[in-house]
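To start, the structure itself, in structure tokens.
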Amino acid sequence: MCGIVGYLGDKQAYPILLRGLKRLEYRGYDSAGIAVLNGDGIEIFKKQGKVVQMETLISDESPKAKLGIGHTRWATHGVPNDVNSHPHYSQSKRIAIIHNGIIENYTSIKEGLLKRGYTFHSDTDTEVLVNLIEDVLINEKVDLAEAVRIALNQVVGAYAIAVIEEGNYDQIVVAKKGSPLVIGLGENEYYIASDATPFIEYTKQVVYLDEEEVAVLSLKNGLEIRTIANQLKTAYVQELALELESIEKGGYDHFMLKEINEQPKSIYDTLRGRLLVDKGTISIGSFVEYEQKFLNADRIIIVACGTSWHAGLVAEYLIEDLARIPVEVEYASEFRYRNPIITERDIVIAVSQSGETADTLSAIQLAKSKGATIFGICNVVGSSIAREAHVGTYTHAGPEIGVASTKAFTAQVTVFTLIALGLARKKGTISEQLFRKLIVELDSMPDKVAQTLKVDAQSKYIASIYKDVPNCLFLGRGINFPVALEGALKLKEISYIHAEGYPAAEMKHGPIALIDEDMPTVVVAIKTEQYEKVVSNIQEIKAREGKIIAIVNEGDSVVSKIADHVIEIPEVDERLSPLLTTIPLQLISYHIAVMRGCHVDQPRNLAKSVTVE
Ligand code: M6R
């Protein structure tokens, strides 16, 4: 959480930082701030609220400076207010810092600093860190970079920081552990940011800092990277494949709507080069080397959070059904703390859109230490989870900026479908006929998703009827049970309506008590072996005057007679159906949130990538 950005070069820093912060706002939007360094020293502008509110602090002319840092906050320590906003000055105002992460031992460090006469204005762990750096700077008589390095040796926790110093017009010191930080290398200029979106139009040459590395950016002396243990490192420069259009709204009102509509393309891009229908093969490049491990695995453990966890649940159905390998799906946050049994014959798959989720990252670090093979499925190239995994694959969904995950989910499900089919074929657990049928159908999914997106107007109409309900139930069976969970998560996170997902048959074990004429239930009722049973569940709800919104296959003549509303989607094999059934649920949630006046792309209290535990 939190976005950080920095600039050092020939251009005016303030407009670059401001635009960069707006692009990073998806990471946190409780407050925003910028510090620039010029002849007057370090000037800080910061304010509670979004970046546009901070902009109101700048009167007519924006501050002139060629070096600066900026921050958009998702509050951890200290409520969101002006004082707790970043950047933070050190006691003497000689240095300023921005920070994404949590300093876990800040209380003990603070106690030491208080004894040495430091005073604190904010409730943040970050102000403690900047004063610790200043303390080292003064007492050890070292330069800023060395002070940062020494101070970080005393720190327990996570950080991506950028530090600037009064009078030091040619230096930004950055460091990273557990939170992302990327350095952009321009012509006689440097950028730093939590991801590359703030500087994508200026340079595509980037260096990702590794864990516990400190980098000094200087136009005169170049880029120097050391570990906090003082080992000199060589910068590994990479070329980014990210285009500016992919991070803009492109005519849509919200990123979420754009991303929902991008799904035919993101699924296509995720399949491209991997699903070779003509040859009748599936090939995931990175998989080859580890294929035997997968085939011999005792079990696969999938760790993830939120929507990615739901994709993991879909994978459990797919992999067990097709490849007959036992699968366990774990909340990463629970897995890491319950002393799980992990062996060298386990494969742990970490699923994460951002590749930065702290709980998922820690879960794979634990599994790695126990000898398991780690496979990462990430969307963000070069992200921490992608780099921590032994092997992995990307989802190719393109940047997902709306906080509510949509296209990343369907891309993750697509990758899992490829993995399940690929493994099944190698293991001989699928007939050639079924394999062929499924790959042909999988190949047609981008078109079927495009067709399904036509339910937008109908979804909007349904949204207009139910936009004011306080509660909503989502039901699904089998592989569509995770879709029900995902539908409920989408609705609650962007519209703040209480929603719960259940396996349809579980309804009679408790949730049915909630049903009355004010309680709508969204049911995935497509043609499967369980169809009749789902129809019975719908009847049970109708008998209690509950309202039914049913997702059915085209031409359904049974549910359409009982349900209050039906949304028809194309018929596909049940195993592939989550790629379609999820679409109307995304659209209904989106329209309800818009109609309720909610901030769809930046829902309250949330952030896109959760880099704190
Ligand atoms: O980046 P990740 O996939 O690891 O993120 C996991 C969750 O934080 C994320 O899916 C979250 O639940 C979304 N807001 C759901 O829309």
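Considering the stretch 555-611, and only residues there that are surrounded by fewer than 21 Cβ atoms within 10 Å (Cβ to Cβ) and among the small types (Gly, Ala, Ser), the residue that is nearest to residue 523 (Cα to Cα) turns out to be 560.
Filtered by the rule that a residue be within 16 Å of the ligand (Cβ to nearest atom) and closer than 18 Å to residue 376 by Cβ, the stretch 402-442 gives 405, 408, 409, 411, 412, 413, 414, 415, 416. Any chance you could count how many residues in the stretch 400-446 are assigned to a helix (DSSP H, G or I) and among the β-branched types (Val, Ile, Thr)? Of the residues in the stretch 400-446, 8 are assigned to a helix (DSSP H, G or I) and among the β-branched types (Val, Ile, Thr).
The residues of the stretch 564-613 that are over 30 Å from residue 159 (Cβ atoms) and charged (D, E, K, R), listed by number, are 564, 568, 571, 573, 574, 575, 596.
Among the strands (runs of 3 or more DSSP E) confined to the stretch 302-382, the ones with at least 1 residues that are near the ligand (Cβ under 10 Å from one of its atoms) are located at 346-352, 373-378. The single condition among (1) under 30 Å from residue 477 (Cβ atoms); (2) in contact with a Leu (Cβ under 9 Å, 6 or more places away or on another chain); (3) more than 12 Å from the ligand (Cβ to nearest atom) that residue 388 does not satisfy is (1).
Contact map, the stretch 481-495: first residue of a type outside the set (Ser, Thr, Tyr), second residue part of a helix (DSSP H, G or I) and at pLDDT below 95, Cβ cut-off under 6 Å, separation 6 or more or different chains; the map is empty.
For residue 22, the conditions (1) more than 29 Å from residue 156 (Cβ to Cβ); (2) over 28 Å from the mean Cα position of the chain (by Cα) are fulfilled apart from (2).
If only residues of the stretch 586-599 that are in a loop (DSSP other than H, G, I, E, B) and modelled with pLDDT of 95 or more are counted, the one that is farthest from the ligand (Cβ to nearest atom) is 597. Can you say whether residue 119 is of a type in the set (Val, Ile, Thr), touching an Asp or Glu at 6+ places or on another chain (Cβ under 9 Å) and either surrounded by fewer than 24 Cβ atoms within 10 Å (Cβ to Cβ) or assigned to a loop (DSSP other than H, G, I, E, B) (or both), as far as the supplied structure shows? Spelling it out, it is not the case that residue 119 is of a type in the set (Val, Ile, Thr), touching an Asp or Glu at 6+ places or on another chain (Cβ under 9 Å) and either surrounded by fewer than 24 Cβ atoms within 10 Å (Cβ to Cβ) or assigned to a loop (DSSP other than H, G, I, E, B) (or both). Just the residues that are buried (at least 21 other Cβ atoms within 10 Å of the Cβ) and over 18 Å from residue 603 (Cβ atoms), please, taken from the stretch 24-44. The answer is 33, 34, 35, 36, 37, 42. Scanning the stretch 185-195 for residues that are touching a helix residue (DSSP H, G or I) at 6+ places or on another chain (Cβ under 9 Å) and buried (at least 24 other Cβ atoms within 10 Å of the Cβ) turns up 191, 192, 193, 194, 195. The set of residues in the stretch 7-47 being out of contact with any helix residue (DSSP H, G or I) (no Cβ under 9 Å at 6 or more places or on another chain) and in a helix (DSSP H, G or I) consists of 13, 14, 15, 27. Look at the stretch 123-145: where a residue is over 15 Å from residue 112 (Cβ atoms) and a partner is of a type in the set (Asp, Glu), sitting 6+ places away or on another chain with Cβ atoms under 9 Å, you get 137/143; 137/146; 137/165; 143/165; 144/165; 145/224.
Close contacts from the stretch 328-353, counting a first residue that is in the same structural domain as residue 302 (by TED's automatic domain parsing) and at negative phi and a second that is basic (Lys, Arg) and within 13 Å of the ligand (Cβ to nearest atom), with Cβ to Cβ under 8 Å and a gap of 6+ residues or different chains, come to none at all. Is there a residue in the stretch 569-585 that is β-branched (Val, Ile, Thr), touching a residue at least 24 places away in the same chain (Cβ under 8 Å) and within 16 Å of the ligand (Cβ to nearest atom)? Yes: one or more hits.
The values are calculated or read from the model by the stated rules, or taken from the named source; none is laboratory data. The structure presented is a predicted model; accordingly, all values stated were derived computationally and were not measured. FYI the Cβ positions are ideal-geometry reconstructions off the backbone, even for glycines, and counts take in every protein chain you see.
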